[in-house]
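J.: Right, I'll just put the structure down here and ask away after.
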Amino acid sequence: MRARITKAIFPVAGLGTRFLPATKSVPKEIMTLVDRPLIQYAIDEAREAGIKEFIFVTSRGKSALEDYFDHAPHLEEELRRKGKNELLSVLEETYMESGAIAYIRQHRALGLGHAVCCAHRLIANEPFAVILPDDVIAGETGCLKQMVDAYQETGGSMVAAMEVPPEKASSYGVLDVKEDMGSLVSVNGMVEKPEAGTAPSNLAVIGRYILTPDVLRTLRNQESGKGGEIQLTDAIAAEIERKRNVYGYRFVGQRYDCGSKAGFLQATVAFGLAREDLRDELAAYLEEMVATRKAAQ
Ligand code: UTP
């Protein structure tokens, strides 16, 4: 039996430029799908997977994110006084155990790999998870829980993988597949944002990882790569070069790229339609919109 993964790093220090001007003062991870911020979906997925320590790599201007996990005694008191027990339990779901959250600063946005590396002192010598909160994954079982269960069999490092159309491959890290075993693939190499037509497969890496502490050691001495950023993909690729096992995991679930405007809007509609209290009204509105649009064409 392998040790359980109990620590997760949440890199949230990026500039979020695709959502300017909103991200001038609102961290991207606080933006809401219906009524829950992106970070809450990520935390819930981590908890389901057995994570006990939550390490946020933050930066300037992210204080709203830190405040979000604080208890709100005045608000609680008011809700209790008014007998709003349902809202009280909504609030309680956001509370974290004292000492379960750590915040580390990334002083400059030097890349995802650099952000992960900033947390190295809190990881010490154990495998850990990385969750990018702007990849929101809907499904019956959380993506990280699926990966943690698979990791019990495989060990090594593991990345969440998803089939993408060839024309989209150059937006992702792409796996060079050694052996396809169904949900799991073993990996020969990884290429960050390959030039059009050069992707080694259609399996793209998305924002969930289980990594060995060796990846952190590699990151500490790593030069910048694609786009002048210190890339996490390069450090994982170095593991493969050292003949260590790296796997891709084809998760079951629908992934939304909430770091992009189109993905965020799609997720908003999907999560709205999944809510019983909103479904009918939203569906009727969407149908009307589509009909009006068609009539105007
Ligand atoms: P993105 O590539 O989406 O970058 O980062 P971004 O800055 O968040 O957004 P855009 O592209 O400017 O709109 C992927 C993840 O890596 C984190 C981000 O916070 C996000 O969760 N990240 C990226 C860091 O923590 N530090 C970095 O230096 C870069």
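J.: Quick one: angle between helix 279-296 and the longest Cα principal axis of the chain, in degrees between 0 and 90, rounded to 10, please.
T.: Taking the Cα atoms of the chain, the angle to 279-296 is about 80 degrees.
J.: Rank HIS74, GLY113, THR23 by how far each Cα sits towards the positive end of the charge dipole of the range 1-120 (+1 on Lys, Arg Cβ; -1 on Asp, Glu Cβ) and give me just the farthest.
T.: Projecting each Cα onto the dipole axis, the largest value belongs to GLY113.
J.: Also, I was wondering about something else. GLU192's amide H: which non-local residues (gap 5+, or another chain) put their own amide H closer than 5 Å, with H modeled 1.01 Å from N in plane and none for Pro or chain starts?
T.: Sorted by chain and number, the residues that satisfy this are VAL174.
J.: Using the Kirkwood formula over every pair of different C-alpha atoms, what hydrodynamic radius in Å results for the range 163-241?
T.: So the Kirkwood estimate lands at 13.1 Å.
J.: Under the 0.36 nm per residue contour assumption, what length would be gained going from the current alpha-carbon distance of ARG2 and LEU75 to full extension?
T.: 22.0 nm
J.: Can you check how the C-alpha radius of gyration of the range 129-279 compares to 2.2 N^0.38 Å, as a plain ratio?
T.: Here the answer is 1.07, to two decimals.
J.: Now for a different question. Can you tell me the length gained on complete extension of the stretch GLU86 to ALA291, counting 0.36 nm per residue apart and subtracting the Cα distance?
T.: Once the chain is fully extended between GLU86 and ALA291, it gains 70.1 nm.
J.: Could you tell me how far the Cα centroid of the range 222-281 sits from the Cα centroid of the range 136-175, in Å?
T.: Between the Cα centres of the range 136-175 and the range 222-281 lies a distance of 8 Å.
J.: How much length would be gained if the chain were fully extended between ARG105 and GLU66, taking 0.36 nm per residue of separation minus their Cα-Cα distance, in nm to one decimal?
T.: Between ARG105 and GLU66, full extension yields 12.9 nm more.
J.: Positive end of the charge dipole of the range 2-133 (Lys, Arg +1 and Asp, Glu -1 on Cβ, about the Cα centre): tell me which of PHE56, VAL130, GLY14 has its Cα farthest that way.
T.: The listed residue farthest towards the positive side: GLY14.
J.: Calculate one ³J(HN,Hα) per residue across the range 66-71 by plugging θ = phi - 60° into the Karplus curve 6.51 cos²θ - 1.76 cosθ + 1.60, and present them in order as whole Hz with x for glycine and proline.
T.: 5, 5, 4, 8, 6, 5
J.: Apply the Karplus curve 6.51 cos²θ - 1.76 cosθ + 1.60, θ = phi - 60°, to the phi angles in the range 100-115 and return the couplings in whole Hz, x for Gly and Pro.
T.: Coupling constants for the range 100-115: 7, 10, 10, 10, 10, 9, 9, 6, 9, 6, 8, x, 4, x, 5, 4 Hz.
J.: The range 178-227: which GluC sites (Glu not before Pro) are DSSP loop and have at most 12 other beta-carbon atoms within 10 angstrom?
T.: Of the GluC sites (Glu not before Pro), the ones in loops of the range 178-227 whose Cβ has at most 12 other Cβ atoms within 10 Å are GLU195, GLU223.
J.: Taking only the alpha carbons of the range 27-137, what extent do you get along each of the three principal axes, in Å, biggest first?
T.: 47, 28, 26
J.: Here is a follow-up. Which pairs, out of LYS193/LYS243; LYS24/LYS145; LYS145/LYS178; LYS24/LYS226; LYS28/LYS226; LYS62/LYS168, put more than 28 Å between their alpha-carbon atoms?
T.: Cα-Cα > 28 Å for LYS24/LYS145; LYS62/LYS168; rest within.
J.: Here is a further query. Restrict the search to the range 73-130; then list the trypsin sites (Lys or Arg not before Pro) that DSSP places in a loop and that have at most 11 other Cβ atoms within 10 Å of their Cβ.
T.: Counting only loop positions with at most 11 other Cβ atoms within 10 Å, the trypsin sites (Lys or Arg not before Pro) in the range 73-130 are LYS82, ARG108.
J.: Oh, and also: For the range 16-79, take N as its residue count and report Rg(C-alpha) divided by 2.2 N^0.38 Å.
T.: Ratio of Cα Rg to 2.2 N^0.38 Å: 1.26.
J.: Which three lengths, in whole Å and largest first, does the chain cover when its Cα atoms are put on their principal axes?
T.: That gives 60, 55, 39 Å along the principal axes, largest extent first.
J.: While we're here: May I ask you to evaluate 6.51 cos²θ - 1.76 cosθ + 1.60, the Karplus curve with θ = phi - 60°, for each residue of the range 165-177 and list the ³J(HN,Hα) values in order in whole Hz, giving x for glycine and proline?
T.: Karplus values, whole Hz, x for Gly and Pro: x, x, 6, 9, 4, 6, 9, 10, x, 10, 8, 9, 7.
J.: Given a Förster radius of 45 Å and the C-beta distance between LEU122 and VAL269 as r, what FRET efficiency does 1/(1 + (r/R0)^6) yield to the nearest 0.05?
T.: After rounding to 0.05, the efficiency reads 0.75.
J.: Okay, next question. Within the P(r) computed for the range 109-161, what percentage of the Cα pairs occupies the region above 16 Å?
T.: Percentage above 16 Å: 53.
J.: Taking only DSSP H segments of four or more residues, each worth -39500 (n - 2.57), what value at 222 nm results for the chain once the sum is divided by all its residues, to the nearest 500 deg cm²/dmol?
T.: -10000 deg cm²/dmol
Every number here is computed from the coordinates shown, using simple stated rules; none is lab data. Bear in mind that the values here come from a model prediction, so they are computed numbers and not experimental data. Every residue, glycine as well, gets a Cβ built from its backbone with ideal geometry; the counts of neighbours run over all protein chains shown.
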